[in-house]
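The values are calculated or read from the model by the stated rules, or taken from the named source; none is laboratory data. If you're wondering where the values come from, they're calculated on a predicted model, not measured in any experiment. Here the Cβ positions follow ideal geometry from the backbone for every residue, glycine too, while neighbour counts run over all protein chains shown.
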Amino acid sequence: MNLNSKKLNKLNEKNFKRIIKHYKFTQQDAQALLSVQTLANKHSKELLDGFYLFIFEFDYAKMFLHNEEILKRHRVGIINWYLNLFCGKYDEAYFDKLNIISEIHVKINLPAHYVNAAFSFVRGFIKNILIKEKKFEIISSLDKIIDINLDILTIAYREEEQTKLIDEIIFLKNAVETENILPYFQPIFDAKTLKIEKYECLMRIGNSINDSVVSVFPYLNIAKKIKLYEEMMHIMFTKSLETICTKEFEFSLNLCYEDISNNHFREFIYTQIGTYSKSKKIIFEILESDFIEDFSIVEEFANRVRKLGCKIAIDDFGSGYSSMENILRLKPEIIKIDGSLIKNIDKSTESKMIVKNIVNMAKELKAQTVAEYVHTKEVQEITTNLGVDYLQGFHLGEPQTLD
């Protein structure tokens, strides 16, 4: 039994009587539900047929219940749960069964809204039967047991989410306090010579407990919510500059609109670059899709850092919604073609055509091009033949430290 199971079992052991009391679920309710057990059993097949017609409207159900064996086991589980609503005995053993179901839901990442929708269907189905049979006095008891089940079967999500949230906050705070924010560097190769010409700086987070390193992407949202993101960017930027000054390559640093529109962080960048003797080696990669927020801020930033010697690259070009007018105003030195266009270029004629047009446009703008997500030799050869200047991807080189 894992730690989460123990927590939930402990919660059920202590609280199931309190939950029953909270919903004012009495022995009379239990007897009322038991009295319609035969009626519920009589309509069990009808419930199952309607239930699966309903849940297969959800893409998740189609994905999870993808073969006959899984569907068969699921049907057995659903019908047992359904009939158990009318068992007449709602004790610790009953709640333990609900706990097992709840734990399974968490393990398979079943969305909470999916559970709520399924309960809504079952509640409506049983109520219609009771109304048709004129068992109006049972409806109140039914609502109580359904609500109790819903409470128990969704509490695991709250427990799981709360535990995960606390763990992530502690992890991020420790990383910031110990400055365990690490720049990793992915090489960018000349398409013709296959020599490393540049590196892209990518943020990683070190875990001092198990000496591992993880990507920042799963933690970005929570970092922003708890106001640690800017400090993480400060550390990342400072450490990247420390590495850049010891190498003779160009290095690109990623910025989103949120970074650029932050006055405090923007001034930090200007100050750092202003005192840096090798600013000509710095390229700022700006996400194309972010331009739609307020392009004037991006344009002002680009002009300022150019005066300090830096270059501008458009990152993930082809994935966003920026207009050609904005691209022309920005005058990027580098256009990085989005990985979504590159990864299937060996199979998609449309992707090949789009990339070819981007390369031609870049040449007209006197900008260099970088193909991201080069993951096979075939993709490497196709992008090179299309005239892309630089290549980046796991086929050629993964992010690494430069110690």
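If you take the residues in region 56-99 that are outside any loop (DSSP other than H, G, I, E, B), farther than 18 Å from Q31 by Cα and acidic (D, E), which one is farthest from the chain's Cα centre (by Cα)? Only one residue fits best here, namely D96. Among the residues of region 223-258, just one is crowded, with 16+ Cβ neighbours inside 10 Å, out of contact with any strand residue (DSSP E or B) (no Cβ under 6 Å at 6 or more places or on another chain) and in a loop (DSSP other than H, G, I, E, B), namely L228.
Per-residue answers, yes or no, for (1) closer than 15 Å to V122 by Cβ; (2) modelled with pLDDT of 95 or more:
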{"site": "K24", "(1), (2)": "no, no"}
{"site": "Q31", "(1), (2)": "no, yes"}
{"site": "L47", "(1), (2)": "yes, no"}
{"site": "F51", "(1), (2)": "yes, no"}
{"site": "K62", "(1), (2)": "no, no"}
{"site": "L65", "(1), (2)": "no, no"}
{"site": "R73", "(1), (2)": "no, no"}
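If you take the residues in region 179-219 that are of a type in the set (F, W, Y) and modelled with pLDDT of 95 or more, which one is farthest from I314 (Cα to Cα)? Restricting to residues being of a type in the set (F, W, Y) and modelled with pLDDT of 95 or more, the top hit is Y184.
Residue count for region 341-370 under the criterion of being farther than 27 Å from I297 by Cα and not acidic (D, E): the result is 16.
Within region 340-387, the residues that satisfy the criterion of being among the charged types (D, E, K, R) and either touching a residue at least 24 places away in the same chain (Cβ under 8 Å) or within 18 Å of D315 (Cβ to Cβ) (or both) are K343, D346, K352, K356, K363, E372, E378. Among the strands (runs of 3 or more DSSP E) lying completely within region 129-221, list those that include at least 2 residues that are loosely packed, with under 15 Cβ neighbours inside 10 Å and hydrophobic (A, V, I, L, M, F, W, C). Of the strands (runs of 3 or more DSSP E) lying wholly inside region 129-221, those with at least 2 residues that are loosely packed, with under 15 Cβ neighbours inside 10 Å and hydrophobic (A, V, I, L, M, F, W, C) span 212-215. The number of residues in region 389-403 being aliphatic (A, V, I, L, M) and more than 15 Å from F251 (Cα to Cα) comes to 1.
The number of residues in region 17-36 being over 11 Å from Y90 (Cβ atoms) and of a type in the set (S, T, Y) comes to 1. Pull out all pairs, ordered by first then second residue, where Cβ-Cβ is under 8 Å, the residues are six or more apart or on different chains, the first lies in region 266-287 and is outside the structural domain of F301 (by TED's automatic domain parsing), and the second is assigned to a strand (DSSP E or B) and surrounded by 20 or more Cβ atoms within 10 Å (Cβ to Cβ). Correct list of pairs: empty, since none qualify. For region 383-403, taking the residues that are under 31 Å from the mean Cα position of the chain (by Cα) and hydroxyl-bearing (S, T, Y), the one that is farthest from F189 (Cα to Cα) is identified as T401.
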